[in-house]
Amino acid sequence: LTPGELLCLGSSLAFSGLFYYLYRKKARVVAQIQEAPKLHVNDDLPALVSAADARCLPYVALEGIVLPAKAALTSHYHEGLQGVIQKLLLKEHRLIWNSLARSW
């Protein structure tokens, strides 16, 4: 084997290992989401959240009726299908000026 072939073989094995690691990591997250407990929106939900570690439930599926703040969104593709938009949380990261690259 020539050094070029060994280099290609080594880089191929390294990339295969990296991509397999990333695949397994995402597969674990998908498994956690699929096994998420289903909770109903009722009066017991705030007590359940406050009793959890760090007042946070990692993955749950909430079932219940939600009411829109203004008007419900209607689907253009399916008759009678309506939905609402979840309140979005936007977190901006602090920008630091890099004088070497002259960018934020």
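The values are calculated or read from the model by the stated rules, or taken from the named source; none is laboratory data. No experiment lies behind these values; they were computed from the predicted model shown. Note that we place each Cβ from the backbone using ideal geometry, even for glycine, and neighbour counts take in every protein chain shown. All accessible areas refer to the heavy atoms of the entire protein, side chains included, with ligands and DNA or RNA removed. Shrake-Rupley method; radii C 1.70, N 1.55, O 1.52, S 1.80 Å.
Looking at S11, is it of a type in the set (S, T, N, Q), open to solvent by 60 Å² or more (accessible area, probe 1.4 Å) and part of a helix (DSSP H, G or I)? Break it down into steps so the answer makes sense when it comes.
Details: of a type in the set (S, T, N, Q): yes; open to solvent by 60 Å² or more (accessible area, probe 1.4 Å): no; part of a helix (DSSP H, G or I): yes.
It is false that S11 is of a type in the set (S, T, N, Q), open to solvent by 60 Å² or more (accessible area, probe 1.4 Å) and part of a helix (DSSP H, G or I).
Only one of these is surrounded by fewer than 10 Cβ atoms within 10 Å (Cβ to Cβ), among the charged types (D, E, K, R) and at pLDDT 85 or above: K38, K91, K87. Name it. Even if it seems obvious, please write down each step before you answer.
Details: K91 fails: at pLDDT 85 or above; K87 fails: at pLDDT 85 or above.
Testing whether each residue is surrounded by fewer than 10 Cβ atoms within 10 Å (Cβ to Cβ), among the charged types (D, E, K, R) and at pLDDT 85 or above leaves just K38.
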